[in-house]
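Below you'll find the structure, written out as structure tokens, and then a few comments.
The values are calculated or read from the model by the stated rules, or taken from the named source; none is laboratory data. Please read these numbers as outputs of a predicted model, since none were measured by experiment. Reconstructed Cβ throughout: ideal geometry from the backbone, glycine too, with neighbour counts over all protein chains shown.
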Amino acid sequence: MSHDVMISFSSKNVPIVEKILRRIEDAGLPCWVSYRDIKQGQNYQGSITAAIRDASAVVFVLCKEFNLSEETKRELSLASSFKKPMVPIRTEAFTFSDELVYVLATVQYIDAFPDFDAALSRMIVRLKEIVASATPPVADAAPSLLPPTAVAGVAAAADKYTETARQVYADGIVTPAERVKLDTARELLDIPVDVAAQIEQRVARAVTAPVAPAATPRPSPATAAADVPAASAPKKIFVPLIALLLIAAG
């Protein structure tokens, strides 16, 4: 939407409309006005309809001529049918026609007399309130669009897919048949492809991570002595029996 406010008026009231237009736009609210914004070759009625439909609010500059114009009555009817907030400002005292009374029965209008500037200030305050309420606030972070039950369902599906991935990656090798198993599980659980890839990467890293060797306890001195191999113990000397006999005979 290129404008916040559409201004409806009688062509007999253009000088006052110009003052209202400048005041609104000086307040930072872009306006649409027919004599300036309908380009050459554009359909007049279609442009008016689109301008009302796309506006956050419609300002009606009321005067005697407005009261009698068939075009302005149509614009009032369009704004009402589009459920647009209306801000009428009456620039002179006159009696409303029956059509005007009907459309504005529940709308509070502003009298631009005797204090024109004060009336415009009240109009600006009202327009800013309308535009602010029509503009969605910008959130710091996009909230989840899913209800809590749906969020829980997504988490459960991710857990099931993680378990399936652990089974497939248990031996560190994914065969074509196991790849089909994973793809089928992803589709059945309605897991997005990118989410499934992240889950598989985490599982694969966990499977292939090096396992730290178990710590070897330091042996106690008694245990260490008992474990000394026989080869390192002092050797006993065995004298053959025949050698002893020879020594005795000599």
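Tabulated results
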quantity: Matching residues in the stretch 8-38 - criterion: being surrounded by fewer than 15 Cβ atoms within 10 Å (Cβ to Cβ), under 20 Å from Thr91 (Cα atoms) and small (Gly, Ala, Ser); calculated: Ser11
quantity: Filter result for Gly153 (modelled with pLDDT of 50 or more, part of a loop (DSSP other than H, G, I, E, B) and small (Gly, Ala, Ser)); calculated: no
quantity: Those residues of the stretch 65-93 which are basic (Lys, Arg) and assigned to a helix (DSSP H, G or I), in sequence order; calculated: Lys73, Arg74
quantity: The lone exception for Gly41 - which of (1) surrounded by fewer than 16 Cβ atoms within 10 Å (Cβ to Cβ); (2) part of a helix (DSSP H, G or I) it fails; calculated: (2)
quantity: Tabulated pairs, the stretch 41-63, first among the basic types (Lys, Arg), second in a loop (DSSP other than H, G, I, E, B), C-beta under 7 angstrom, 6+ apart or interchain; calculated: Arg53/Phe82
quantity: First in the stretch 160-174 and in contact (Cβ under 8 Å) with a residue 24 or more places away in the chain and among the charged types (D, E, K, R), second anywhere and surrounded by 12 or more Cβ atoms within 10 Å (Cβ to Cβ) and in a helix (DSSP H, G or I), Cβ under 7 Å, 6 or more apart; calculated: Lys160/Leu189; Arg166/Val203
quantity: Residues of the stretch 100-109 satisfying the condition of being surrounded by fewer than 17 Cβ atoms within 10 Å (Cβ to Cβ) and under 14 Å from Cys63 (Cα atoms); calculated: Val101, Tyr109
quantity: Residue selected from the stretch 110-139 under the condition modelled with pLDDT of 95 or more and not in a helix (DSSP H, G or I), by the criterion farthest from Ser69 (Cα to Cα); calculated: Asp115
